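Reviewing the structure listed below.
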Amino acid sequence: MKETILETKRLSRRFGSLTAVDEISFVVRRGDVFGLIGPNGAGKTTTIKMLTTLLPPTGGTAIVAGWDVVHHPANVRRTIGYVPQLLSADGSLTGYENLLLFAKLYDLPAGEREDRIHNAIEFMGLSDAKDKLVRTYSGGMIRRLEIAQAVLHNPPVLFLDEPTVGLDPIARQSVWKQVEALAHNGTTIILTTHYMEEAENLCSRIAIMYRGKFVANGSPAELKRSVPKGFSIGGNGSTLDDVFAFYSGGTLESEGGYRETSRVRRTARRLG
Ligand SMILES: Nc1ncnc2c1ncn2[C@@H]1O[C@H](COP(=O)(O)OP(=O)(O)O)[C@@H](O)[C@H]1O
Ligand SMILES: [Mg+2]
């Protein structure tokens, strides 16, 4: 069994009377691509923010790479990379300049910076665009740059919050490829998405989140097997959409506006 790299126990977050994350307990093992999936408002971002030390839990515990997020936040931050749901690259700088900024932020030794930046640019397929202003980049290029920023310090654990939201199918593919390559190199990845097919293709483990709770957790195959035969929205055998419908008692279309949200976000411009 692979080593545990992240573990939560009854991790919770309340905002006033709303319980956004409700006693979730789960384990991520080294090398996993762990997908948190669920409709808008399910609590995915709140979970990621607690695991990245940006938001204190109101209950329970979370350990990342051996460090408790509440008691040793600086140690946690040193071992993780994080790409937030909202834009984290500066449109008025070039790709190279953005990376240099992050290299300084992460305190990479000056003698190593150029090499690391160069490697990150190559790895993310941005060599031709590195000296162009980021505001001229496509959505997929921006996302790849943001991922490059987040892994400059070679973190063993990478958090990606909705890495492909707002991207067209080709750009989404290009981001998937990078995520797969990072996973292949041994990075443990925790990502959120509300695209079921993306989760199915990318993730070794999936947790389905609904109203702050994990309603299902397992490998894509395990999740699909757990749904009774004959329970299928499309009638073509179990899909992850069926898994979601089965465990949440509804379809993704009802409540939470899953399809609506993904459609709206697709058309939203990420750079203002
Ligand atoms: N800072 C906050 N203050 C109050 N409510 C919040 C805050 N952040 C998130 N929420 C609420 O918590 C719930 C979960 O939000 P979020 O974690 O962003 O969901 P997701 O990422 O799955 O779309 C939502 O109902 C949201 O409105
Ligand atoms: Mg979110």
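Some notes on this structure:
- The single condition among (1) out of contact with any Asp or Glu (no Cβ under 8 Å at 6 or more places or on another chain); (2) in contact (Cβ under 8 Å) with a residue 12 or more places away in the chain; (3) surrounded by fewer than 17 Cβ atoms within 10 Å (Cβ to Cβ) that ARG77 does not meet is (3).
- The sole residue among GLY249, GLY212 that is of a type outside the set (S, T, N, Q), within 15 Å of ligand 1 (Cβ to nearest atom) and more than 23 Å from ILE80 (Cα to Cα) is GLY212.
- Restricting the stretch 48-74 to residues that are buried (at least 19 other Cβ atoms within 10 Å of the Cβ) and within 16 Å of ligand 2 (Cβ to nearest atom), the residue that is nearest to VAL151 (Cα to Cα) is THR52.
- One residue stands out among those in the stretch 227-244 that are farther than 27 Å from VAL179 by Cα and aliphatic (A, V, I, L, M): the one that is modelled with the highest pLDDT, which is VAL227.
- Test: residue in the stretch 109-126 that is within 16 Å of ligand 1 (Cβ to nearest atom), of a type in the set (Val, Ile, Thr) and in contact (Cβ under 8 Å) with a residue 24 or more places away in the chain: no
- Against the conditions (1) among the hydroxyl-bearing types (Ser, Thr, Tyr); (2) part of a strand (DSSP E or B); (3) within 16 Å of ligand 1 (Cβ to nearest atom), THR61 satisfies every one except (3).
- For the stretch 23-47, a tally of residues being open to solvent by 30 Å² or more (accessible area, probe 1.4 Å), in contact with a strand residue (DSSP E or B) (Cβ under 9 Å, 6 or more places away or on another chain) and within 16 Å of ligand 2 (Cβ to nearest atom) returns 2.
- Of everything in the stretch 150-175 that is aliphatic (A, V, I, L, M) and in contact with a strand residue (DSSP E or B) (Cβ under 6 Å, 6 or more places away or on another chain), the residue that is nearest to ligand 1 (Cβ to nearest atom) is LEU160.
The values are calculated or read from the model by the stated rules, or taken from the named source; none is laboratory data. Since we're looking at a predicted model, the values are computed, not measured. Ideal geometry is used to build each Cβ from the backbone, glycine not excepted, and the neighbour counts take in all protein chains shown. Ligands, DNA and RNA are stripped out before the accessible areas are found, and what is left, the full protein with its side chains, is counted by its heavy atoms. Shrake-Rupley method; radii C 1.70, N 1.55, O 1.52, S 1.80 Å.
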